[in-house]
1. Can you work out ³J(HN,Hα) from phi for every residue in the stretch 172-180, in order, using Karplus 6.51 cos²θ - 1.76 cosθ + 1.60 and θ = phi - 60°, giving whole Hz and x for Gly and Pro?
2. Based on the Cα coordinates of the stretch 20-217, what is the per residue volume of their convex hull in Å³?
3. When the Karplus curve 6.51 cos²θ - 1.76 cosθ + 1.60 is applied with θ = phi - 60°, which whole-Hz ³J(HN,Hα) does each residue of the stretch 208-217 get, with x for Gly and Pro?
4. Ranked by Cβ crowding within 10 angstrom, fewest neighbours first, how are Glu163, Glu123, Glu145 ordered?
5. Post the alpha-carbon centroid distance, the stretch 142-212 to the stretch 217-233, in whole angstrom.
6. Go ahead and run the numbers for FRET between Leu131 and Trp232, Cβ-Cβ distance against an R0 of 35 Å, rounding to 0.05.
7. What order, most packed first, do the peptides 187-193, 136-142, 214-220 have when packing is the mean number of other Cβ atoms within 10 Å of each residue?
8. Along the charge dipole of the chain, which of Gly219, Pro237, Val23 sits closest to the positive end, that is, farthest toward it, with unit charges on the beta carbon of Lys, Arg, Asp and Glu (+1, +1, -1, -1)?
Amino acid sequence: MVFAHYGGGAEADGPTGDSYAAVVIQVAGPPCTRGDVLGALRQIRFSGWLAQPENGWLVAVAALGDGTVAAGRRGVVGVGEWLAGRLPVTVLAVRVLADRQLVLVLWADGDEVGRYVSDPSREPGADEDILPDPLGARHAAAFAEVCGCPEAADDLAEVLAEELNPDSVIESERLARVLRLLRLPTWLVAAATLPHDIPTGPRRRDLTRLGAGVPGVLGSLCGRAAHLVRRWRPPPPVVTDAPRGSSGIDPWIM
């Protein structure tokens, strides 16, 4: 099922949770509307759900948190990059893996503003010597500025740089704090409940469901067919230059 609820498995170092992902797009009428975003998602054969605008932002939840969800072997970060190159607005890609890793990538006017990974050692396929230290917290001020919340820069930097205790804290808690600081839809942390109604968020009937870019019943069939192919073609890693324990050199200045 392409629209199944995919959660992370149990790990030895603390509680784990769900894997989920979404793209958050700025919409406030021309030059970008919900119709523009829907058309772009259909063009890229996106599988997932598109919500209604909320306080100037539009959320597209990916059908899979940790897999390929659009044409061209694109995961949620690839979808965000593609949208940012075609829509003249701010685009934020969000990914949570098994509640042990948070990824944030932000674009403005087609250019990448910054990329954050809370624990690069948990990136699928990462080598054993990759360090678990957060990467990209230095982008906090730019994230806050682009999202229209410059006053939140210091608090956001603290949240992103924090090393969570894996025995008691999950990444959805960090994400919830980030969303509040940036005044983005906080129901995103419950997106893994789809295809059911989202607690404290939109009801399923208020979302447009796409399967490989096609809505409705036909979309469900197209989505399943696309998933059979896409599951063997995972998206590329979010980071490829994470610091390693043996190098002693950190290419990401915190």
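Any read-out appearing in this document is the output of simple, stated calculations on the displayed coordinates, not a laboratory observation. Given the structure is predicted, the values throughout are model-derived calculations rather than measurements. Every residue, glycine among them, receives a Cβ derived from its backbone with ideal geometry; neighbour counts consider all protein chains shown.
1. 4, 5, 5, 4, 4, 5, 4, 5, 5
2. Numbers: hull volume 23.0 nm³, N = 198.
Per residue, the Cα convex hull of the stretch 20-217 comes to 116 Å³.
3. Values, residue by residue: 9, 9, 10, x, 6, x, 10, x, x, 4 Hz.
4. Numbers: Glu163 11, Glu123 18, Glu145 14.
Result, fewest neighbours first: Glu163, Glu145, Glu123.
5. With the stretch 142-212 and the stretch 217-233 each reduced to a Cα centre, they are spaced 27 Å.
6. 0.70
7. Working: 187-193: 21.6, 136-142: 19.1, 214-220: 15.0.
Ranking the peptides 187-193, 136-142, 214-220 by packing returns 187-193, 136-142, 214-220.
8. Gly219
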